[in-house]
């Protein structure tokens, strides 16, 4: 199958979805959502359950009518267009294979709806089944397939019609861990090969970071940050994003002064200076510092530039060792790599080196 | 669903309908049909009963209630319904408990299954006729065995016994899933805590069955309240009930208004029972709270003597029913039961010569109504379960109305509504077919809804996302998946088209007659032989067709993976 000639973008503008709830009254499943997907891009909607990611996806698909706002696919306003006229491919969390049709007929369904001649139809279905590694499965019924195989059929069925837009709703959440990792690689390479504009919904941040060109983080019906995996990891715009993308330490601090791109603050009972930290807040402001576990160093005893700490727990995981270290009554989560990463025993008094750069400083009352 | 989408920007009718044109059209068509064949006849009935010269008046109702005969009939109907409810539920529970707990042999379960199925698929007079053969003046038991002269079979007791036997299978079918859902683990648990078996039954099993028992009581109460055939044969003059009174008012005195008012009196308790059943029974299910279904032991809840007592009682009941049907069969092949027991096929000759027109008419009506009723059930079930439109609940209620109401009311309402222009259908086959479709499709509706609740909505969305219009989706995805419900619904429409009489007795004409009406005529002419032969014929046809449909359903279940279906006969 060839790649798509002219991929199109997707634009959600000012989109609200509200429900009337018997007890709670008006409830917003999505509120003022603005999302732009570039042509050919794989964009992920990421967030905890109930954050509005699936609702937004269903609005793009046309399964859910927005209460306000518009949806564009390419230049076309599809807000009032039914799902069957949007030229989309949708892969469902539960695969939603037609239980009464065999693999061939499941995949051929969209082509039959488009009244393709039998010869073209058989060739296309054959091609796509080879592509997803299911050649020879044509006569099997869905309930005879394993979860991974069902997933491939669902994928084949969605892409065989060469949709302009591909939509995934947590497609891997029903698979076991290993299969999940290999399937997400397949989805990513297939998407790149076909170049179909894709929106992918997941609550798994690792999955999102692994496959996405860009990630939209959502919370409580709103978009909270958009960026590449690296941008979100290095520069989370809020405590929520910092906590949701990767594991992190959030340390309360008070600003003491700023000069020449250097920021001095009181943190874990000591004065600490950061390079290149951006903040508009003045002296005396309470802030939260985002320190990633792998940026914190551990030394055998207190040395210049370190603060004293005590090892509380140690978990050896092979290529890395995870520690919980107590510093000034605060628990720090630290990851150490390398040959001697496991050298600190629980109870040991050690020196803790806080990072001096690459630290995101967030205002304290933010969430 | 607790949530409803708010849709700005559209007003009036358009705002109440889905955006999809095919779906919107289907909703409008169904509403038009419901308006014509459910709402309009009921409105016409009420108008005829209470509006005279353009003014509303309760005077007719008071007049009817002022007559002692009618008050007695009302009280009799209620007493009979309550007694049938209690006795039928008891019998149903006895048999359901025996089958689910007493470790019966396969052969005995089979006997019980046949014995409980027979009354459900028989024409309404069957038990009554068999009762006359068994306990009548020349009855096998009363006359031949006990040597009683001029035994009186007519009255409350025989009506009660015949109705209880006819309707207890409904209780059995309702209670058996309840009992198996409770499972023996809970009982074993209580037993292991040191309770005696009787205490376990009293404090665990029985309380958990209360919603099921109440439900079955209401079902039987309604069935008895609506039953017209059994009292007509067995109640006699000493025990008048409302449905027969209304019938005699119309056929005997040609008093349509009186019949309408009488049937309104019947309508009040029927609606109350229907609402009670919806409100507090359909809601309460204790059973699902016991968590994960584990392996069930055979159960130790029964002492050996209790087990044998239960088995004996259930088997005796089953044998008694088989005995009644054997009697019916025997009576159909002897010259005159009780007087001349020489074998003859003469009654069947009558059936296939004299009765040929009724047979042909009935079969034509049944075979036309069957697919239409099945389709209507699936369509309404689909809209009720899947549609998002204003008035969905109202549509569900309207589609159930003719089913919930006693047949006598529906029949009289149709007679009043379609006798004169603008819609004159009296004397046609159409009026009978319509009556059956709108009265007996709710089984199909409920089965469809139950099936759709097991089929994730995403399967239909997948079809839409692949470019199929909603009509295509319905035809190629939904319809094949709800096929079992279609056939179950169609089966019930067929069974009832062959066996029902309470509504259609008012709708038959010279042009279109029914087998059940012929049976009634034979009964009133006291030609019991042909009546028995007709009944046997109907039972054979219904059994053949339902086993065929059952076979089809079995195969469908096998090919679709397991999708549980409730028994077709339950409708």
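Every read-out reported here was derived from the displayed coordinates using simple, explicitly stated rules and does not represent laboratory data. Since this is a predicted model, take the numbers as computed values, not measurements. Every residue, glycine as well, gets a Cβ built from its backbone with ideal geometry; the counts of neighbours run over all protein chains shown.
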Handout entry: Expected 222 nm ellipticity per residue - DSSP helices of 4 or more, -39500 (n - 2.57), all of chain B, to 500
Key = -22500 deg cm²/dmol
Handout entry: GNM top mover of A:26, A:301, A:207 - chain A, alpha-carbon springs below 10 Å
Key = A:26
Exercise for the section: With an 8 Å cut-off on Cα pairs and a minimum separation of 6 or more residues, tell me the relative contact order of region A:10-243 in percent. Expected result: 28 percent
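Determine the equivalent ellipsoid of region A:10-243 by diagonalising the alpha-carbon gyration tensor, then write out the semi-axes as square roots of 5 times the eigenvalues, largest first, rounded to whole Å.
30, 21, 17
Roughly how crowded by other chains is peptide A:14-23, in terms of the mean Cβ count from those chains within 10 Å of each of its Cβ atoms? Write out the running numbers ahead of the final one.
Working: counts 0, 0, 2, 2, 4, 6, 5, 3, 4, 1.
So the per-residue partner count for this stretch is 3.
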Handout entry: Whole-Å distance, taken between Cα centres, linking region A:263-305 and region B:74-93
Key = 82 Å
Completion exercise
Rounded to a whole number, the mean other protein chain Cβ count within 10 angstrom for residues of B:454-463 is 6
Completion exercise
Helix A:177-194 sits off the longest principal axis of the Cα atoms of chain A, rounded to the nearest 10 on a 0 to 90 degree scale, by 60 degrees
Problem - Inter-label distance for residue A:122 and residue B:521, nm, one decimal - labels placed 7 Å from Cα along Cα-to-Cβ - result: 6.1 nm
Problem - Fewest-first ranking of B:332, B:502, using other Cβ atoms within 10 Å as the exposure measure - result: B:502, B:332
Completion exercise
Per the 1/(1 + (r/R0)^6) rule, R0 = 51 Å and r from the Cβ atoms of residue B:36 and residue A:231, FRET efficiency to 0.05 is 0.20
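Could you line up A:70, B:504 from fewest to most neighbouring Cβ atoms inside 10 Å?
The fewest-first ordering by Cβ neighbours comes to A:70, B:504.
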Problem - Chain lengthening between residue A:6 and residue A:345 when straightened (0.36 nm per residue, less Cα-Cα) - result: 116.2 nm
Practice task
Determine, for each peptide in B:155-165, B:527-537, the mean count of other beta carbons within 10 angstrom over its residues, then list the peptides with the highest first.
Solution key: B:527-537, B:155-165
Problem - Burial order of peptide ranges A:49-58, B:101-110 (average beta-carbon count within 10 Å, highest first) - result: A:49-58, B:101-110
Practice task
Would you mind getting the Kirkwood hydrodynamic radius of the protein assembly as shown from its Cα pairs, rounded to one decimal in Å?
Solution key: 33.3 Å
Fill in the blank from the handout: Note on chain B: contact order normalised by length, alpha-carbon pairs under 8 Å, 6 or more apart, percent, works out to 21 percent
Fill in the blank from the handout: Given a Förster distance of 25 Å, the FRET efficiency implied by the Cβ-Cβ spacing of residue A:173 and residue A:85, rounded to the nearest 0.05, works out to 0.30
Practice task
Measure out, as a whole number of angstrom, how far apart the alpha-carbon centroids of region A:153-229 and region B:155-178 sit.
Solution key: 59 Å
Handout entry: Crossing angle, helix A:103-113 versus chain A [Cα axis fit, 0-90 degrees, rounded to tens]
Key = 70 degrees
Handout entry: Förster radius 35 Å - calculated FRET efficiency between residue B:199 and residue B:110, Cβ distance, rounded to 0.05
Key = 0.60
Practice task
Using 0.36 nm per residue of separation minus the Cα-Cα distance, give me the extension gain between residue A:22 and residue A:135 in nm, one decimal.
Solution key: 35.7 nm
Fill in the blank from the handout: Taking the alpha-carbon centre of each part, the distance from region A:64-128 to region B:482-559 in Å is 45 Å
Problem - Geometric extent, Cα atoms of chain B - Rg, Dmax (angstrom) - result: 24.7, 82
Problem - Number of partner chain Cβ atoms within 10 Å, mean per residue of A:153-165 - result: 1
Handout entry: DSSP bridge pairs, region A:10-243: antiparallel proportion in percent, nearest 5
Key = 55 percent
Problem - Label-point separation, residue A:320 to residue B:357 (7 Å along Cα→Cβ), nm - result: 9.1 nm
Practice task
Within 10 Å of each residue's Cβ, count the other Cβ atoms and sort B:209, B:435 from fewest upward.
Solution key: B:209, B:435
Problem - Packing rank of B:375-387, A:226-238, where each peptide gets the mean count of other beta carbons within 10 Å, highest leading - result: B:375-387, A:226-238
Exercise for the section: For residue A:279 paired with residue A:363, estimate the spin-label separation in nm (one decimal), with each label point 7 Å from Cα along the Cα-to-Cβ line. Expected result: 1.2 nm
Practice task
Express in nm, to one decimal, how much length is gained between residue B:71 and residue B:271 on full extension, taking 0.36 nm for each residue of separation and deducting their alpha carbon distance.
Solution key: 70.1 nm
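For region B:310-457, just say rounded, prolate or oblate: build the C-alpha gyration tensor, square-root its eigenvalues into a ≥ b ≥ c, call rounded for a/c under 1.5, and beyond that prolate if a/b exceeds b/c, oblate if not.
Details: a/c = 2.74, a/b = 1.52, b/c = 1.80.
Oblate shape, in that a/c is at least 1.5 and b/c is the bigger or equal ratio.
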Problem - Sorted largest first, extent of region A:247-363 alpha carbons per principal axis (Å) - result: 42, 23, 21
